[in-house]
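These notes concern the structure reproduced below.
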Amino acid sequence: QVQLVESGGGLVQTGGSLRLSCAASGDIYSNDIMGWYRQRSGKQREMVATITSGGTANYADSVEGRFTISRHNLKNTVDLEMNNLQPEDTAVYFCSYRKRSTATYFWGQGTQVTVSS
């Protein structure tokens, strides 16, 4: 099992910035993939960004150039720096951990990000 604890999020105006952080514990292996997903009201959960232990990042087209994901392998943490936030970024953001060995996902409890226009 993997436990994920998120922090950050909140309310920000259009064009503002926020930083999300996530700490993982439990059955952690550096080869596994960490990332962030989000779920907007009435929509399915979607990938925002993922990162490997080697630092290879993958972004959704909608956030490319505005969001930056980073990972600290020794601390088992992953952060998401969000800049130039737009109202369409309003969502519940979930930290994710995917075990390569079993293709199993683990999720954080979610943190609300609200961008006011």
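Results, tabulated for the structure shown:
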| quantity | calculated |
| --- | --- |
| Output for the stretch 27-41, where each listed residue is in a strand (DSSP E or B) and either modelled with pLDDT under 95 or under 16 Å from ILE51 (Cα atoms) (or both) | ILE33, MET34, GLY35, TRP36, TYR37, ARG38 |
| The stretch 42-59, subset of a type in the set (D, E, K, R) and assigned to a loop (DSSP other than H, G, I, E, B), residue surrounded by the fewest Cβ atoms within 10 Å (Cβ to Cβ) | LYS43 |
| Given (1) at pLDDT below 95; (2) open to solvent by 80 Å² or more (accessible area, probe 1.4 Å); (3) polar (S, T, N, Q); (4) touching a strand residue (DSSP E or B) at 6+ places or on another chain (Cβ under 8 Å), index of the condition THR102 fails | (4) |
| Single condition GLY65 does not satisfy, out of (1) open to solvent by 40 Å² or more (accessible area, probe 1.4 Å); (2) assigned to a loop (DSSP other than H, G, I, E, B); (3) on the phi < 0 side of the Ramachandran plot; (4) not aromatic (Phe, Trp, Tyr) | (3) |
| Residue satisfying condition, being buried (at least 19 other Cβ atoms within 10 Å of the Cβ), in a strand (DSSP E or B), touching a residue at least 24 places away in the same chain (Cβ under 8 Å) and within 12 Å of the chain's Cα centre (by Cα), within set VAL115, VAL78 | VAL78 |
| Any hit, the stretch 86-93, residues being among the acidic types (Asp, Glu), part of a strand (DSSP E or B) and within 13 Å of the chain's Cα centre (by Cα) | no |
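The values are calculated or read from the model by the stated rules, or taken from the named source; none is laboratory data. Since we're looking at a predicted model, the values are computed, not measured. So basically every Cβ, Gly included, is an ideal-geometry build from the backbone, and we count neighbours across all protein chains shown. When the accessible area is computed, the model is the full protein with side chains, heavy atoms only, and any ligands, DNA or RNA have been set aside. Shrake-Rupley method; radii C 1.70, N 1.55, O 1.52, S 1.80 Å.
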